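Engineer: Structure below; questions to follow.
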Amino acid sequence: MAERLQKVIAAAGITSRRKAEQLILAGRVSVDGKKVTTLGTKVEPHQEVAVDDVPIKAQALHTYLFYKPRGVISAVSDNHGRRTVADYFADLPYRLYPIGRLDYDTSGLLLMTDDGDLANHLMHPRNEVPKVYVAKVEGALNGAAIHALKTGVQIKGHKASPAKVKILKTKQGHRTSQIVQLTIHEGHYHQVKLMLQAVGCPVQKLSRPRYAFLTLQGLSAGQYRELTPQEVDKLRHL
Ligand code: URA
């Protein structure tokens, strides 16, 4: 059944009907790719309504950038009663789940969403989303270790894809340690820990400050923010 445009936008949960009218009048709304500025224009269910070029169906889904603290599991429930990432979103009226995972003792950027298509897109190995990790390791990477990481180290019977490696800091002394930045595309279980273990430098502490073009800027551990429609759109096209 055809509906009035402002009602369709409001029903998608983006904004109120009044604000939807303002969006239409401001020329920010299109139907099937054509700008519509007339209030009350009727649209059919099969037609694509977009605000600022982002389809409203996509806008009605929710994706959050979460700064996962250490000591929280990347799941929506836990048999052992440990705190989960979903606990942080308990007050929101929709069910979000993590895109990929970070270990219990890893902190950093984790996306939370109810958008299954987006999650599948980002987790598909073909799409090679770059993830940046910073690890404190025991010992220091020598030339051979760096070369191995850059060309693809063997972990658990398979060869990891080549990583970008940057040494951020070296602490010499009785117990040498290093802060290492690794950029990888894969997301196997314990991937970074296994890669660094394989070259003789076990991980003591791990965080993920960056996922694709997104960073933790402005957030403290345990805080989150909703992604903008433009950011979600950019992730969809990675
Ligand atoms: N690699 C790991 O080893 N742990 C994480 O949490 C993420 C990547």
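Engineer: So the check is Cβ under 9 Å with 6+ separation or different chains; which pairs have a first residue in the stretch 96-108 that's in the same structural domain as Ser77 (by TED's automatic domain parsing) and at pLDDT 95 or above and a second one that's surrounded by fewer than 16 Cβ atoms within 10 Å (Cβ to Cβ) and in a strand (DSSP E or B)?
Structural biologist: Pairs that qualify, where the first residue is in the same structural domain as Ser77 (by TED's automatic domain parsing) and at pLDDT 95 or above and the partner is surrounded by fewer than 16 Cβ atoms within 10 Å (Cβ to Cβ) and in a strand (DSSP E or B), are Asp105/Lys205; Thr106/Lys205; Ser107/Lys205.
Engineer: Being within 16 Å of the ligand (Cβ to nearest atom) and in contact with a helix residue (DSSP H, G or I) (Cβ under 9 Å, 6 or more places away or on another chain) is the requirement here; does Leu227 meet it? Spell out how you get there, then give the answer.
Structural biologist: Values: within 16 Å of the ligand (Cβ to nearest atom): no; in contact with a helix residue (DSSP H, G or I) (Cβ under 9 Å, 6 or more places away or on another chain): yes.
No; evaluated as a whole, the condition is false for this residue.
Engineer: Considering only residues of the stretch 111-138 that are surrounded by 16 or more Cβ atoms within 10 Å (Cβ to Cβ) and away from the ligand (no atom under 15 Å from the Cβ), which is farthest from Thr228 (Cα to Cα)? Give the steps one after another, and end with the answer.
Structural biologist: Restricting attention to the stretch 111-138, the residues satisfying the condition of being surrounded by 16 or more Cβ atoms within 10 Å (Cβ to Cβ) are 111-115, 118-119, 121-122, 129, 131-137.
Applying the additional criterion that residues be away from the ligand (no atom under 15 Å from the Cβ) yields 112-115, 118-119, 121.
On the way: Met112: 13, Thr113: 13, Asp114: 15, Asp115: 14, Leu118: 14, Ala119: 16, His121: 18 Å.
Per the stated criteria, the residue is His121.
Engineer: Please state which of the following conditions Tyr211 fails to meet, knowing it meets all the rest: (1) within 30 Å of Thr63 (Cβ to Cβ); (2) touching a residue at least 40 places away in the same chain (Cβ under 8 Å); (3) surrounded by fewer than 20 Cβ atoms within 10 Å (Cβ to Cβ).
Structural biologist: (3)
Engineer: Limited to the stretch 173-183, what total is found for residues that are over 14 Å from Leu206 (Cα atoms) and either touching a Cys at 6+ places or on another chain (Cβ under 6 Å) or surrounded by 19 or more Cβ atoms within 10 Å (Cβ to Cβ) (or both)? Spell out the reasoning first.
Structural biologist: Kept after step one, since they are over 14 Å from Leu206 (Cα atoms), are these residues of the stretch 173-183: 173-176.
Still in the running and either touching a Cys at 6+ places or on another chain (Cβ under 6 Å) or surrounded by 19 or more Cβ atoms within 10 Å (Cβ to Cβ) (or both): none.
Qualifying residue count, the stretch 173-183: 0.
Engineer: Against the condition among the small types (Gly, Ala, Ser) and within 15 Å of the ligand (Cβ to nearest atom), how does Gly187 come out, does it pass?
Structural biologist: Taking the combined requirement at face value, the residue satisfies it.
Engineer: Kindly indicate whether any position in the stretch 142-151 is buried (at least 17 other Cβ atoms within 10 Å of the Cβ) and within 21 Å of Tyr189 (Cβ to Cβ).
Structural biologist: Yes, because at least one residue in the stretch 142-151 is buried (at least 17 other Cβ atoms within 10 Å of the Cβ) and within 21 Å of Tyr189 (Cβ to Cβ).
Engineer: Within the stretch 49-56, does at least one residue satisfy the condition of being touching a residue at least 12 places away in the same chain (Cβ under 8 Å), outside the structural domain of Lys136 (by TED's automatic domain parsing) and within 16 Å of the ligand (Cβ to nearest atom)?
Structural biologist: no
Engineer: Scan the stretch 46-68 for residues that are surrounded by fewer than 17 Cβ atoms within 10 Å (Cβ to Cβ) and either in contact with a Gly (Cβ under 7 Å, 6 or more places away or on another chain) or under 24 Å from Thr106 (Cα atoms) (or both) and jot them down.
Structural biologist: Of everything in the stretch 46-68, just one residue is surrounded by fewer than 17 Cβ atoms within 10 Å (Cβ to Cβ) and either in contact with a Gly (Cβ under 7 Å, 6 or more places away or on another chain) or under 24 Å from Thr106 (Cα atoms) (or both), namely Ala60.
The values are calculated or read from the model by the stated rules, or taken from the named source; none is laboratory data. All values reported here derive from a predicted model rather than from experimental measurement. FYI the Cβ positions are ideal-geometry reconstructions off the backbone, even for glycines, and counts take in every protein chain you see.
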